[in-house]
Amino acid sequence: DAGVIQSPRHEVTEMGQEVTLRCKPISGHDYLFWYRQTMMRGLELLIYFNNNVPIDDSGMPEDRFSAKMPNASFSTLKIQPSEPRDSAVYFCASSSGVGETQYFGPGTRLLVL
Amino acid sequence: LAKTTQPISMDSYEGQEVNITCSHNNIATNDYITWYQQFPSQGPRFIIQGYKTKVTNEVASLFIPADRKSSTLSLPRVSLSDTAVYYCLVGLYNFNKFYFGSGTKLNVKP
């Protein structure tokens, strides 16, 4: 299995631009998670899906952030408009069931200038 | 959600046993304790999970006292490649929402 796939691996953009991060979970996994990691706040859960349905988005920082999962093999995290404080590493993870091990992707390093 | 407290950093030398303790005073009856490892520029990776007493796998051991208010991850004979951040998580086995916190940065020296 290729594991969780994320793209792009690096993204540099200017403040005000729209940013879209992509994730392909491990085939057969029903749960997908989006995390954000910064030096100041550590690793934070933003939102997670079960069977393509958002279950808990209480970690999404602002309305500028949105996440979708149109099918079992694809999810996006969108930031519009982006701000410098959104600079972080964004991880996608998937798991096969409730409470099961979460498998993380390599992350997308986002820099907003 | 039960929060956890871990040392910010630890130093060790190759070949030593390393014990990282995590405090989780507010752990609930149904909470499990899970440890993840994160190398630089990579996502976290599952190491071990337990509920009580002792759990051992090919990578580590996890010791949980009877009151479950703390747990200790034990890494036998560490090598330079064990240099990483180690996260202690507490959450319901039937619930996915974990609090990662800042973790413990382990630095293994030659």
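Quick one: in the range A:89-113, of everything that is assigned to a strand (DSSP E or B) and open to solvent by 10 Å² or more (accessible area, probe 1.4 Å), which residue is nearest to the other protein chains (Cβ to nearest Cβ)? Break it down stepwise before answering.
Step one: list which residues in the range A:89-113 are assigned to a strand (DSSP E or B), which gives A:89-95, A:103-104, A:108-112.
Then keep just the ones that are open to solvent by 10 Å² or more (accessible area, probe 1.4 Å); that gives A:89, A:103-104, A:109, A:111.
On the way: A:V89: 8, A:Y103: 8, A:F104: 3, A:R109: 8, A:L111: 14 Å.
The residue in question is A:F104.
Looking at chain B, what strands (runs of 3 or more DSSP E) fall wholly within it and have at least 1 residues that are within 12 Å of chain A (Cβ to nearest Cβ) and open to solvent by less than 20 Å² (accessible area, probe 1.4 Å)? Before you say what the answer is, go through the steps one by one.
On the way: elements: B:9-13, B:18-23, B:31-38, B:45-50, B:53-56, B:61-64, B:70-75, B:84-92, B:104-109.
Fully inside chain B and qualifying: B:31-38, B:45-50, B:84-92, B:104-109.
From the list A:S7, A:S58, A:S94, A:S75, exactly one residue is without any contact (Cβ under 8 Å) to a residue 12 or more places away in the chain and among the hydroxyl-bearing types (S, T, Y). Which is it? Outline the logic, then answer.
On the way: A:S7 fails: without any contact (Cβ under 8 Å) to a residue 12 or more places away in the chain; A:S94 fails: without any contact (Cβ under 8 Å) to a residue 12 or more places away in the chain; A:S75 fails: without any contact (Cβ under 8 Å) to a residue 12 or more places away in the chain.
None of the others qualify; the one that does is A:S58.
Where the second residue is open to solvent by 50 Å² or more (accessible area, probe 1.4 Å) and of a type outside the set (A, V, I, L, M) and the first is closer than 12 Å to B:P65 by Cα and lies in the range B:43-55, which pairs have Cβ atoms under 6 Å and are six or more apart or on separate chains?
Final answer for the pair search is B:Y51/B:Y32; B:K54/B:F63.
What strands (runs of 3 or more DSSP E) lie completely within the range A:12-56 and have 1 or more residues being loosely packed, with under 12 Cβ neighbours inside 10 Å? Walk me through it before giving the result.
Values: elements: A:19-24, A:31-38, A:42-50, A:53-56.
The qualifying strands (runs of 3 or more DSSP E) are A:53-56.
Return yes or no: is A:L32 in contact with a Ser or Thr (Cβ under 8 Å, 6 or more places away or on another chain), in contact (Cβ under 8 Å) with a residue 24 or more places away in the chain and of a type in the set (A, V, I, L, M)?
On the way: in contact with a Ser or Thr (Cβ under 8 Å, 6 or more places away or on another chain): yes; in contact (Cβ under 8 Å) with a residue 24 or more places away in the chain: yes; of a type in the set (A, V, I, L, M): yes.
So A:L32 passes the test.
Determine whether B:P65 is without any contact (Cβ under 8 Å) to a residue 60 or more places away in the chain and closer than 29 Å to A:R109 by Cα.
no
Going through the range A:70-83 one residue at a time, which ones are closer than 18 Å to A:E18 by Cα and either open to solvent by less than 60 Å² (accessible area, probe 1.4 Å) or within 14 Å of chain B (Cβ to nearest Cβ) (or both)?
Kept after step one, since they are closer than 18 Å to A:E18 by Cα, are these residues of the range A:70-83: A:75-83.
Those that are closer than 18 Å to A:E18 by Cα and either open to solvent by less than 60 Å² (accessible area, probe 1.4 Å) or within 14 Å of chain B (Cβ to nearest Cβ) (or both): A:S75, A:T76, A:L77, A:I79, A:P81, A:S82, A:E83.
Within the group A:D63, A:D57, which residue is acidic (D, E), more than 14 Å from chain B (Cβ to nearest Cβ) and over 20 Å from A:Y103 (Cβ atoms)? Steps first, please.
Details: A:D57 fails: more than 14 Å from chain B (Cβ to nearest Cβ).
So the residue among A:D63, A:D57 that is acidic (D, E), more than 14 Å from chain B (Cβ to nearest Cβ) and over 20 Å from A:Y103 (Cβ atoms) is A:D63.
The values are calculated or read from the model by the stated rules, or taken from the named source; none is laboratory data. What you see is a predicted model, and the numbers here were worked out from it, not measured in a lab. Ideal geometry is used to build each Cβ from the backbone, glycine not excepted, and the neighbour counts take in all protein chains shown. Heavy atoms of the whole protein, side chains included, go into the accessibility calculation; ligands, DNA and RNA do not. Shrake-Rupley method; radii C 1.70, N 1.55, O 1.52, S 1.80 Å.
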